[in-house]
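Shown next, in structure tokens, is the structure this report addresses.
The values are calculated or read from the model by the stated rules, or taken from the named source; none is laboratory data. Just so we're clear, the structure is a prediction, and the values are computed from it rather than from any experiment. Here Cβ is always computed from backbone atoms with ideal geometry, including for glycine, and neighbour counts include all displayed protein chains. Areas reflect the complete protein model, heavy atoms only, side chains present, ligands, DNA and RNA absent. Shrake-Rupley method; radii C 1.70, N 1.55, O 1.52, S 1.80 Å.
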Amino acid sequence: MRNHLTKIFTVLMIFQFLVVFFLGIGLFPAEAISGNKNDRIKVTDQNSSDVELNNLIKTIPQLLTDKNYSKLIELADGGLKDSLSYLLLGPNSKEFKANRTGLWNINSVELLKYKQVANKLVPVGSVHYADFADYQDVVTYYVSAKITAIEDDFDVFSGTNYFIWVFGKNNNGEYKLLQWSQPIIEEMEDKELTYNDGTEYLQKDIQKARQDGVILDGNKIRIEKYASKAAATTYDPVSCPIKSSIRVQRVNLNFRIDAVNFYTYVKNVLPNEWYYATDPIE
């Protein structure tokens, strides 16, 4: 009897050792064991020392879902913080809300997975890292999130969306969100940065349609009310007069409106704000 119990105890000890060993090498994924929703989020190339960053990434979608815009703005910095402040809490925010402009059209955001990607591999047109020269430890994440829009339009669609989030440490040593943008999926594929799990095809097809002036919803069905907008772009650009200056509202200067040289604006400002993935028609 004693020998029988000894054998059982030995088997149990070996089994316990194997479980701990395989967990250590990652054979049994933690999300398959944990019941916590956040623990089930797939994280690739996660540095365990970046607890602050991982918590920040998980917090941002929840704040947007909870409509906690003031807290969301606190987690951003630089030009992004100014833009979010103007959109969500600025003097025209009520108008933006009524028109469901940008983030105002988002009903909920569910974080699906994220991974850090090397800055040097990010497509050149996606991030202008020189803008973040004042920040330390600038890192880039490729983020997947399920968006539920109030109504699909030319800015937002319901379904799995992919984003580039750029973070950097400010003078206080705190990580802040510096950029939240939508990458061009084809460019991310060329750099082998995508997940290749099939869900990226939706955003890719929507982006390709936008290049032809066709606005699709999350089911890839054409949104007819934007058809006239596409048709209006068939003008001959050579016949269009070009102004010598343009009036620009400067958020960083208390929304002051200045007249600046048109060529200077197009050369130095427009490339940092205008991507065909988000504004192909224009």
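Regarding the stretch 98-116, can at least one residue be identified that is open to solvent by 40 Å² or more (accessible area, probe 1.4 Å) and within 28 Å of N171 (Cα to Cα)? Quick ask: steps written out before the conclusion?
Of the stretch 98-116, the ones open to solvent by 40 Å² or more (accessible area, probe 1.4 Å) are 98-101, 107, 110, 112, 116.
Filter again for within 28 Å of N171 (Cα to Cα), leaving 116.
Yes.
Scan the stretch 222-233 and tell me whether some residue there is part of a loop (DSSP other than H, G, I, E, B) and modelled with pLDDT of 65 or more.
yes
May I ask you to say which residue of K204, K176, K243 is of a type in the set (D, E, K, R) and at pLDDT 95 or above?
K176
Which condition number does L72 fail, the rest of (1) among the aliphatic types (A, V, I, L, M); (2) open to solvent by less than 10 Å² (accessible area, probe 1.4 Å); (3) without any contact (Cβ under 8 Å) to a residue 12 or more places away in the chain being met?
(3)
Could you figure out which of (1) open to solvent by less than 70 Å² (accessible area, probe 1.4 Å); (2) at pLDDT 90 or above; (3) under 30 Å from Q249 (Cα atoms) isn't true of N54?
Condition not satisfied by N54: (3).
Among the residues in the stretch 149-167, are any out of contact with any strand residue (DSSP E or B) (no Cβ under 7 Å at 6 or more places or on another chain) and among the polar types (S, T, N, Q)?
no
If you go through the stretch 85-131, how many residues are among the charged types (D, E, K, R), part of a strand (DSSP E or B) and closer than 18 Å to T148 by Cα? Before you say what the answer is, go through the steps one by one.
Start the filter on the stretch 85-131 by keeping residues that are among the charged types (D, E, K, R), which leaves 94-95, 97, 100, 110, 113, 115, 120, 131.
Narrowing the set further to residues that are part of a strand (DSSP E or B) leaves 110, 113, 115.
Keeping just the survivors that are closer than 18 Å to T148 by Cα gives 110, 113.
Summing the residues that are among the charged types (D, E, K, R), part of a strand (DSSP E or B) and closer than 18 Å to T148 by Cα in the stretch 85-131 gives 2.
Which ones in the stretch 148-190 are among the aromatic types (F, W, Y) and open to solvent by 30 Å² or more (accessible area, probe 1.4 Å)?
Scanning the stretch 148-190 gives F154, W180.
Tell me, yes or no, whether the stretch 35-46 has at least one residue that is in a helix (DSSP H, G or I), open to solvent by 40 Å² or more (accessible area, probe 1.4 Å) and modelled with pLDDT of 90 or more.
No, the stretch 35-46 contains no residue that is in a helix (DSSP H, G or I), open to solvent by 40 Å² or more (accessible area, probe 1.4 Å) and modelled with pLDDT of 90 or more.
Would you confirm, using the coordinates I've provided, whether T59 is of a type in the set (S, T, Y) and under 26 Å from G198 (Cβ atoms)?
no
Here's a check for you: in the stretch 191-213, which residue that is farther than 23 Å from P61 by Cα and not in a helix (DSSP H, G or I) is most open to solvent (accessible area, probe 1.4 Å)?
Result: E192.
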